[in-house]
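The structure under discussion appears below in the form of structure tokens.
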Amino acid sequence: MSFMGSRSTRRNYGKMRSAVTAVAHERIDLLLGQAVETLPRDPKLATRYVGLAKRISTRTKVRIPTEKKHYLCKNCGQPLIPGKNARIRIRSGNSRIIISCLSCGTIRRYPYRKLEQLPRFSMKPYITLPSPSRRKSRTN
Ligand SMILES: [Zn+2]
């Protein structure tokens, strides 16, 4: 009995689960958007929006996308806007992107890879896996 198009979630607890996930995704997106919008006017409110998004994430086990998470300060909880309350520097020597929160001074470093190094469209990992046919021939 599958009515809804099966959204490929990591943990699929059936219809209820996917409904909860969909709403949580939407709410998190909305809250983070509002947080960025309200930051210049009211940093406290922006922090509150981020906190709510984080709480929804932990309660529902819906992850905040990593690229968005990088722009949330882990210390003070503010949304980080480059040029406003965040500074971004790239260290090409050790392939790190450094995001500093200018309101509390927290610095976070994330590794990055060059675009051409990302094996996004490569089938290589699947090809290099040991094939079962080879193992079979060895036992025979
Ligand atoms: Zn901060």
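The values are calculated or read from the model by the stated rules, or taken from the named source; none is laboratory data. Nothing here was measured: the structure is a model prediction, and the numbers come from that model. Neighbour counts are summed over all protein chains in view; Cβ atoms, including those assigned to glycine, are modelled from backbone coordinates with ideal geometry.
Here are some residues: 90, 127, 98, 107. Which one is within 16 Å of the ligand (Cβ to nearest atom) and modelled with pLDDT under 95?
Numbers: 90 fails: within 16 Å of the ligand (Cβ to nearest atom); 127 fails: within 16 Å of the ligand (Cβ to nearest atom); 107 fails: modelled with pLDDT under 95.
Of the residues listed, the single one that is within 16 Å of the ligand (Cβ to nearest atom) and modelled with pLDDT under 95 is 98.
Just to be sure I understand, how many residues within the stretch 55-87 are away from the ligand (no atom under 14 Å from the Cβ) and either assigned to a strand (DSSP E or B) or not polar (S, T, N, Q) (or both)?
Kept after step one, since they are away from the ligand (no atom under 14 Å from the Cβ), are these residues of the stretch 55-87: 55-68, 83.
Pick out the ones that are also either assigned to a strand (DSSP E or B) or not polar (S, T, N, Q) (or both) and you get 55-56, 59, 61-65, 67-68, 83.
Matching residues across the stretch 55-87 total 11.
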